[in-house]
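I have placed the structure first, in the form of structure tokens, so that the comments after it can refer back to it.
All of the numbers you see were taken from the coordinates with simple rules; none came from a lab. Everything numeric in this text was worked out from a predicted model, so none of it was measured. Backbone-built Cβ (ideal geometry, glycine too); neighbour counts: all protein chains shown.
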Amino acid sequence: MWSQFCPFCHSENQREFPAEVNIHFPGMKNLTKPTVWLFPTLSVCLRGGAQFDLPDAELERLAETDSGSQSYNVAA
């Protein structure tokens, strides 16, 4: 799925894990918006980073539901 090297620290010490992710939209105004569920395979660097792909359908739901809000970039 991913390169054998971590893109954050370039370590070869990575593992893949099945995961369940529920994305919530930030802010009080978004409390009633439906969350977006994902069941990705996480690529975890055992030195601290993680990444996963989002399917196109879920990316579209995030873009439509969260249009105009502040963007967030969080490294796991």
Of the residues in region 30-43, those that are more than 12 Å from the chain's Cα centre (by Cα) and touching a residue at least 24 places away in the same chain (Cβ under 8 Å) come to Asn30, Lys33, Pro34
> Does Gly27 qualify as being without any contact (Cβ under 8 Å) to a residue 60 or more places away in the chain, under 18 Å from Phe8 (Cβ atoms), loosely packed, with under 14 Cβ neighbours inside 10 Å and small (Gly, Ala, Ser)?
Replying inline: no
